[in-house]
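Below is one structure; the comments refer to it alone.
Any read-out appearing in this document is the output of simple, stated calculations on the displayed coordinates, not a laboratory observation. All figures in this text were calculated on a predicted structure; none of them were measured in a lab. Using ideal geometry, Cβ is built from the backbone for each residue, glycine included, and neighbour counts are taken over all protein chains shown.
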Amino acid sequence: MVGRIYDFKTVEEKWQKYWREKNIFRAEDFSNKPRYYALDMFPYPSGAGLHIGHPEGYTASDILSRYFRALGYNVLHPMGWDAFGLPAEQHAIQTGTDPRINTQNNVDTFRRQIQRIGFAIDWSREINTTDPRYYRWTQWIFLQLFRHNLTFVDKRPVWWCPALKSVLANEEVVDGLSERGNYPVVRRPMRQWILRITAYAEKLLEELNRLDWPDSTKRQQIAWIGRSQGAEVDFPIHGVEKCLSVYTTRPDTLLGATYLVVAPEHPLLEAITVPERWDAVREYQQKTARKSDLDRTDLAKIKTGVFSGAHAIHPLTGEPLPIWVSDYVLMSYGSGAIMCVPAHDTRDFEFAQLFHLPVRQVIRPLNADGDTALPYCERGILCNSGEYDGMTSDAAQEAIIDRLMKNGTGRQRINYKLRDWLFSRQRYWGEPIPIVWVREDDFGIISRTANSPFLEFMPSNPVFYEEDGRKFYAVPLCSRDLPLNLPPVESYLPSDDGESPLARASSWVSVWIHPQTGEIRPQAEGRPAGEWLAARRETNTMPQWAGSCWYHLRYMSPRCETAPVDPKIADYWRAPNFYIGGAEHAVLHLLYARFWHRFLYDIGVVPSKEPYPRLFHQGIILGEDGEKMSKSRGNVINPDAIIQSSGADSLRLYEMFLGPLEAVKPWDAKGIEGVIRFLKRTWKFYNEVSIDDGQDDDDTQRLLHESIRKVREDIEGLRFNTAISQLMILLNRLQKLPRVSRFAGESFIQLLAPFAPHICEEIWEQLGHGESIACAPFPNFDIQWLTRDTVTIVVQINGKRRGEIFVPANALESEVLEKARTCDGAVPHLRGRRIVKEVHVPHRIVNFVVQ
RNA sequence: GCCUGGGUGGCGGAAUGGUAGACGCAGAGGACUUAAAAUCCUCUGACUGUAGGGUCGUAGGGGUUCGAGUCCCCUCCUAGGCACCA
C-alpha cells in the first residue's frame with residue numbers, strides 16, 4: 001500500500017514544504033473555534049547553532065499544538081528570537097563587524113534548523129527583539145514605566161566586571177563571578193537606571209498561588225521576593241539628637257536585646273561615632289569597602305566588627321545598649337541596622353561570644369525541661385521580660401508592638417528581600433533607552449511648555465542626577481520618535497571607564513531639542529535659529545531581559561503599528577495556554593516578565609494579570625556520560641547529525657521517549673535505535689497490512705480504544721514517554737494481523753501524528769486522504785470497549801500472590817470469594833489453615849488472611 | 001546550614017495503597033542468508049530446584065495496613081535552589 005522503503009529524508013522534506021506552502025499552521029485571529037496558544041521560551045540565536053536541548057521543549061509544545069489542532073482548536077504556535085545580548089556583542093568586538101550581521105546569520109541558521117524538525121509553527125508571526133519594529137515597543141513600555149514613576153537613576157555601587165567591561169545585575173553574578181564567562185567582578189559606583197520592581201512585590205507574590213506552575217518555581221519566586229513581617233523599632237541615641245531604626249522579625253525578643261549593630265555604610269555612623277573611636281571605625285569601613293561581596297557574605301568566615309563608642313537607649317527599659325559596626329549587617333536590607341538578641345539568634349550569638357557582649361535569655365521553649373541550649377531561635381514563652389513574662393511569642397509580639405506604637409517608638413513593618421531591578425547596561429547591543437538629559441533650567445522650560453511633545457511620558461516626579469554640583473533632568477522622547485534606532489558606531493568596545501560604546505557616537509549623543517515642536521537635531525550641524533535646548537542622549541542600553549518581558553504579547557499581533565499588542569487581538573488570544581522552557585529562568589525572566597505584564601495590565605494595555613498561567617519546565621538532556629553536555633567534555637550531541645542519520649521524526653520521538661519531560665536524563669545513542677525501528681515497523685505495517693471495511697476482533701478493538709484513551713490523556717498530562725510506549729504496544733499487536741479495519745488503521749497513524757508528523761502525513765496520504773493529517777479530526781474512544789465483561793482477579797494468601805481467577809465483571813462477592821478459595825494456586829496454601837479474614841477489592845484482588 | 005525534588009534490573013524508565021520491572025536499549029539463543037547487515041521469533045531481576053515451583057527483591061532501618069516502590073518516622077546518597085535578609 002505504501003512505498004517499500006522508508007526514506008525519511010524525502011518524506012520529511014516533502015511535508016515540510018507542503019506545510020509551508022499551504023500555510024497549514026497559520027493561526028487565525030478571531031476564529032470562532034476554541035483557541036489554544038502554545039508558547040516556547042524563545043531561543044537566543046547563538047553562533048553554536050541549535051542544541052539538543054532546544055527540540056525537547058519545542059517538540060512538547062508542538063505535540064500539544066498538533067493535538068489541539070486535530071481536536072478542532074485554532075492554534076497559535078509561534079517562534080522568534082531573543083537576539084540582543086553579550087555573545088553577539090563580544091563577537092562584534094573581536095571581529096569589528098556589526099552585530100546585526102552576525103545576529104542575522106545566527107537567526108537564519110536557527111530558523112533553518114528548527115524548520116528541519118518539522119514544527120507546526122506559524123512562521124508569519126516570527127519576531128526578533130533586535131528588529132527596530134519590535135524594540136520600538138520595548139522602548140514604549142519603558143517610557144510607560146518612566147511615566148508611572150517606576151524608574152529612577154541612582155549612582156550606586158554596582159557589579160562591575162573589568163573583563164567584560166560591563167555592569168552586571170545581581171542575578172548575573174554568581175559567587176563573585178560573572179554568570180557569563182566566570183570573570184571576577186567588583187563593586188563600583190556608577191549612574192544607573194533602576195526599575196522599581198519592589199513596588200510590585202506584593203502583587204507578584206499574591207498572584208503566584210493562582211498560577212499553574214511547578215511548585216519549586218513558585219517557591220523560588222516566593223523566596224526571591226522574600227516577604228517578612230515584623231516591626232521597626234526606633235532606638236534614641238545617647239547624647240545625639242538622632243534615632244536609629246532597626247527592623248526585626250522577632251519583636252517578642254526586644255527585652256533580650258543587649259547591643260545594636262549597624263552596617264559599615266550606615267549614613268548615621270559618622271554622626272554617632274564618638275571621637276575616640278572614629279579612627280577604628282573609619283579603618284573598618286575602608287577594610288569592608290575593599291572586600292568583595294564573596295568575602296563579605298561567606299558564612300564560614302569569622303565575624304568582624306568594631307565598637308562605635310555610641311550607645312542607644314532601649315525604648316522600653318531605657319537601658320543603654322552599645323552600638324557596634326559589623327559587615328554581617330547589610331545596608332541593602334531593612335534599615336541597615338539591627339537590634340541584637342544573642343540568646344535567640346545564631347549570628348548575634350556568634351558575634352556576642354567573639355566580643356564578650358552580654359547574652360540575655362528572654363524566651364524559653366513551650367515544654368521547658370531544664371536548661372535551654374543557647375541560642376534558642378524558636379518561638380516560645382517569654383521570661384525575664386517583666387510584664388510580658390509567661391506570654392507566648394505570638395501574644396508578646398502583639399503586645400510589644402502595641403506598646404511601641406503608643407510610645408511612638410515602633411510600628412509594624414513588612415520587608416522584602418527583592419531589590420529594585422538594575423536596568424541599564426554599558427553595552428552597544430541592546431535597546432537604546434529613549435531619554436535625553438537636559439540642564440535644570442532647560443527642564444523648567446520644557447515643563448512649562450504646555451503641549452510640549454516631551455510631556456507625553458513625563459512623570460509626576462522628575463528623574464534627575466547630580467554631577468559636579470550640576471543637576472541633569474531626564475526628558476522622555478515622545479512616541480512618534482520611536483523607535484530610537486541604535487546608531488552605527490566605529491568601535492563596539494566600551495571605554496575603560498565603563499561608558500557605553502554609544503557615548504562615542506558623539507554626533508548621535510549631542511542634540512538640540514525643541515520644546516514646542518519636539519524636534520531633535522544633531523548638534524554637529526550647528527545651532528539652528530529659534531528656541532533650541534542642548535541635550536545629551538542617554539547612552540546606556542537595556543539588559544537582555546527587556547525584550548523577553550513581553551514577547552508573548554507581540555506574537556498575537558506581530559505587525560501592529562499602533563501598540564505593542566492590538567487590544568482586540570489580545571482580548572481574543574488572552575494568554576498562552578501553555579508555556580514551556582528551562583527551569584534556569586525560574587526567577588529572572590519569569591519574574592521580570594510577570595512584572596512588566598502586570599504593569600501593562602494595570603495601565604490597561606493587556607486584559608490579563610499574568611503572562612503565563614500554565615508553565616512547565618522540560619528537564620535537561622545530559623551527554624552519554626551522564627554529565628551536562630559541553631564542548632570541553634566532548635559529549636555534545638548535535639541535532640543536525642541525528643536528523644541527518646535518523647530523521648526528524650526519530651529525533652522528536654526519541655527525545656519524548658527518553659523519560660518524563662521534566663526529568664534530567666542522559667542521551668543514549670543506542671536507545672534511539674528503538675524508535676527508529678518502531679517507525680520502520682510502522683511503515684512496514686502499512687506496506688503489508690490490508691485495510692478494509694470489516695470489523696476487528698474484540699481484543700484488538702479493546703486495545704485500540706484503550707490506546708486512544710491513554711494517548712489522549714497522556715498528551716494532555718504531558719506524559720509523552722508513556723503515550724509512545726502505548727503506541728508501541730498497539731503496533732506490536734496490529735502488525736501481527738493480516739488485515740485491520742479502516743478505523744484501526746487510520747486511528748493508529750493519527751495517534752502517532754503529533755509525535756512523528758512527517759511519516760504519518762505520508763502514510764495518511766497513501767491511505768487515500770487528500771487533506772493533511774494535521775487537519776483531520778483526532779480519533780476518540782468508545783467507552784463500551786473500555787468496560788470489560790470478564791475481569792482478572794489476583795488471589796493472594798497473606799498478601800502473597802498465589803493465583804488468578806477470571807470472573808464476570810458483575811459477579812457477586814460471594815461468587816468471587818468462592819472461586820478464589822477453590823482456584824488451583826490457592827488450594828494448597830489454604831489446606832489445613834483457617835481463614836481469619838477475606839479482603840475483596842472488586843475487579844482487582846482477593847486476599848485471604850490465614851493462620 | 002536551610003528549603004525542595006529524586007534513589008526501582010546491566011541501562012533509560014513503567015506502576016489510582018492491590019500481579020513490581022510496562023515500553024525500549026543492551027545481552028543470549030534461534031529463523032532467513034554463501035556471509036554480513038537488516039528483519040522476524042523466543043528468553044532475559046537475583047538466588048534456588050530435574051520440574052511444578054519456592055525464597056528474596058524498589059538506597060538502609062523502623063512503623064501503619066489484609067496488603068507499601070507508593071503513606072508515616074529516622075539514616076545515608078544524589079540533583080537543584082537559597083544562603084549573615086535580622
ask   = Okay, which of region A:787-808 sit inside 19 Å, backbone N to the point 7 Å along the Cα-Cβ direction of residue A:824?
value = A:791-797, A:801-808
message = What do you get for GluC sites (Glu not before Pro) in region A:1-36 restricted to DSSP loop and a cutoff of at most 14 other Cβ within 10 Å of the site's Cβ?
response = A:28
ask   = If contacts are Cα pairs under 8 angstrom and at least 6 residues apart, what is the relative contact order of chain A in percent?
value = 14
query = Of A:22/A:684; A:17/A:684; A:155/A:631; A:9/A:631; A:218/A:670; A:165/A:242, which pairs sit farther than 32 Å apart, going by alpha carbon to alpha carbon?
reply = A:155/A:631; A:218/A:670; A:165/A:242
ask   = Based on the Cβ-Cβ distance of residue A:353 and residue A:412, what FRET efficiency does E = 1/(1 + (r/R0)^6) give at R0 = 41 Å, to the nearest 0.05?
value = 0.85
message = Please compute the modelled spin-label separation between residue A:216 and residue A:332, points set 7 Å along Cα→Cβ, answer in nm with one decimal.
response = 2.6
remark   = Binned at 10 Å starting from 0, the alpha-carbon pair-distance distribution of region A:430-507 in whole percents comes out as 16, 40, 34, 10, 0
ask   = So which GluC sites (Glu not before Pro) in region A:558-639 pass both tests, a DSSP loop state and at most 13 other Cβ atoms within 10 Å of the Cβ?
value = A:561, A:627
task = Could you size up the charge dipole of region A:236-344 around its Cα centre, putting +1 on the beta carbon of Lys and Arg and -1 on that of Asp and Glu, and report it in debye to the nearest 20?
result = 180
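Quick one, what does Rg over Rh come out to for region A:600-685 if you take C-alpha atoms and the Kirkwood Rh?
So for region A:600-685, dividing Rg by the Kirkwood Rh gives 1.19.
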note = Mean projected area, convex hull of alpha-carbon positions in region A:579-628, reported to one decimal in nm², is 3.9
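When you count, for each residue, the other Cβ atoms within 10 Å and take the mean per peptide, how do A:77-89, A:752-764 rank with the highest first? Mind dumping the intermediate values first?
On the way: A:77-89: 24.2, A:752-764: 26.0.
By packing density, highest mean first, the sequence is A:752-764, A:77-89.
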request  = Give me the Kirkwood hydrodynamic radius of region A:443-591, using the inverse of the mean 1/r over all pairs of distinct Cα atoms, in Å to one decimal.
outcome  = 18.8
Hull volume in cubic angstrom per residue (convex hull over the Cα atoms of region A:87-146) = 122
query = Please identify the trypsin sites (Lys or Arg not before Pro) of region A:757-813 that satisfy two criteria: DSSP loop assignment and at most 12 other Cβ atoms within 10 Å. Which are they?
reply = A:788
note = Per the rule of 0.36 nm per residue minus the C-alpha distance, extending residue A:838 to residue A:191 adds in nm 225.0 nm
key: Of all DSSP beta bridges in chain A, antiparallel share, percent nearest 5   = 75
query = Suppose R0 equals 25 Å; then what is the FRET efficiency for residue A:713 and residue A:28 from their Cβ-Cβ distance, rounded to the nearest 0.05?
reply = 0.35
task = Could you compute the FRET efficiency for residue A:602 and residue A:282, with r as their C-beta to C-beta distance and R0 at 41 Å, rounded to 0.05?
result = 0.35
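Given axes a ≥ b ≥ c from the Cα gyration tensor, I'd like to know whether chain A is rounded (a/c under 1.5), prolate (a/b larger than b/c) or oblate.
oblate
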query = In debye to the nearest 20, how big a dipole does region A:696-811 give about its Cα centre with +1 on each Lys and Arg Cβ and -1 on each Asp and Glu Cβ?
reply = 700
request  = Could you work out how far apart the two model spin labels at residue A:398 and residue A:71 are, taking each label as a point 7 Å from the Cα in the direction of the beta carbon, and quote it in nm?
outcome  = 4.9
query = Once fully extended, how much extra length lies between residue A:14 and residue A:644, figured as 0.36 nm per residue of separation less the alpha-carbon to alpha-carbon distance?
reply = 225.3 nm
query = Do you know the relative contact order of region A:1-91, to the nearest whole percent, from alpha carbon pairs under 8 angstrom that are 6+ apart?
reply = 37
